[in-house]
Amino acid sequence: LNLVYIARSYGLTEVADYWEQVIKMNDYQKRRFAENIVQKLFNTVSGKKIAILGWAFKKDTNDTRESAAIYVADYLLNEQAELWVYDPKVKAEQVYADLDYLNTRSEAENRCLVKVVNDPYQAMDDAHAVAILTEWDEFKTYDWQKVYEGMKKPAFLFDGRNVVNRKEIEVLGFSFQGVGREL
């Protein structure tokens, strides 16, 4: 957005238009990821527990500005999903502040539909789906067999950052969907 503003202020209309289209494509990809979750969960996530792994916009930071997780979560909340969020560095107050800033629901609704936890296994226990939205290295080392056993079946794993090994996850029994990978 800053590039768009700067380019426009210098009269570089085509450059500004280009970067504006990049923003639109990024927004489309976030919406598409969330829509895919709803579709794969039999066209409804209402009342379903979805674990969100990662809230920061990239690993090794607590910076959430323009994080994809915010917009994916907002879409799922609009579909009445119950979200359980785990991020190793982002605090609960920041998650709620990010959702409140969008102003698509009341603060009370956000706190009712979203639980922020300090234990990833708690977030994934009894979940219908897990969505990986930040590429934290620790996600690669989880006991995915334990996760699978504790989830509702069919157990869905949506890897938005290509963190886990698809073949290993599918052998465990997960229904897996990665970004940019064949179905």
**Complete:** Among Asp87, Asp27, Asp126, the residue with the largest mean-square fluctuation in a Gaussian network model of the chain built from Cα contacts under 10 Å is Asp27
**Prompt:** So what J values fall out for the stretch 28-33 if you push phi through Karplus, 6.51 cos²θ - 1.76 cosθ + 1.60 with θ = phi - 60°, rounded to Hz, Gly and Pro as x?
**Reply:** 4, 5, 5, 5, 4, 4
**Request:** Determine the per residue accessible area of the stretch 92-183 with all protein chains present and a 1.4 angstrom probe, expressed in square angstrom.
**Result:** 53 Å²
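Please give the calculated 222 nm ellipticity per residue for the chain, where each DSSP H segment of at least 4 residues contributes -39500 (n - 2.57) and the sum is spread over every residue; nearest 500 deg cm²/dmol? Provide the component values of the computation, followed by the final result.
Numbers: 8 runs with 84 residues, N = 183.
Result for the chain, helices only: -13500 deg cm²/dmol.
Tell me the carbon and sulfur percent of the accessible area for the chain, rounded to whole percent, probe radius 1.4 Å. Please list the in-between numbers first.
On the way: 5020 of 10140 Å².
It is 49 percent, rounded to a whole number.
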**Asked** Placing +1 at every Lys and Arg Cβ and -1 at every Asp and Glu Cβ, with all other atoms neutral, what dipole size does the stretch 56-183 have around its Cα centre, in debye to the nearest 20?
**Response** 240 debye
**Item:** Whole-Hz ³J(HN,Hα) from phi, Karplus 6.51 cos²θ - 1.76 cosθ + 1.60, for the stretch 45-58, glycine and proline x
**Value:** 10, 4, x, 8, 7, 10, 8, 9, 9, x, 10, 5, 6, 7
**Message:** Between Trp136, Trp84, Trp19, where does the largest GNM mean-square fluctuation fall for the chain, given springs only between Cα atoms within less than 10 Å?
**Reply:** Trp19
**Prompt:** With every protein chain in place, what's the accessible area of Lys58 (1.4 Å probe, Å², nearest 10)?
**Reply:** 100 Å²
**Asked** Pick from Tyr96, Tyr71, Tyr18: which is most flexible by mean-square fluctuation in a GNM of the chain where alpha carbon atoms under 10 Å apart are linked?
**Response** Tyr18
**Message:** Starting from the 7 Å offset along Cα-to-Cβ, what nm value, one decimal, do you get for the label separation of Glu14 and Ser46?
**Reply:** 5.0 nm
**Asked** Using a cut-off of 16 Å between alpha-carbon atoms, which aspartates and glutamates can reach Lys59, once sequence neighbours fewer than 8 places away in the same chain are excluded?
**Response** Asp87, Glu135, Asp137, Glu138, Asp159
**Residues whose placed amide H lies under 5 Å from that of Ile132, excluding near-sequence neighbours** = Leu53, Phe158, Asp159, Gly160
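Fully extended, how many nm does the chain gain between Glu35 and Leu3 (0.36 nm per residue separation, minus their Cα-Cα distance)?
Values: separation 32, 0.36 × 32 = 11.52 nm, distance 2.87 nm.
Answer, rounded to one decimal: 8.7 nm.
My understanding is that a pair violates if its Cα-Cα distance is over 18 Å; which of Lys30/Lys140; Lys49/Lys152; Lys91/Lys146; Lys58/Lys146; Lys58/Lys167; Lys89/Lys152 do that in this structure?
Values: Lys30/Lys140 22 Å; Lys49/Lys152 9 Å; Lys91/Lys146 25 Å; Lys58/Lys146 26 Å; Lys58/Lys167 24 Å; Lys89/Lys152 27 Å.
Listed pairs above 18 Å: Lys30/Lys140; Lys91/Lys146; Lys58/Lys146; Lys58/Lys167; Lys89/Lys152.
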**Fill in**
Sorted by chain and then number, the residues having a modelled amide H within less than 5 Å of the amide H of Ala155, at least 5 places away or on another chain, are Ser175
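The values are calculated or read from the model by the stated rules, or taken from the named source; none is laboratory data. None of these values were measured; they are calculated from a predicted model. Cβ: placed from backbone, ideal geometry, glycine included. Neighbour counts: every protein chain shown. Ligands, DNA and RNA are excluded from the accessible area calculation, which covers all protein heavy atoms including side chains. Shrake-Rupley method; radii C 1.70, N 1.55, O 1.52, S 1.80 Å.
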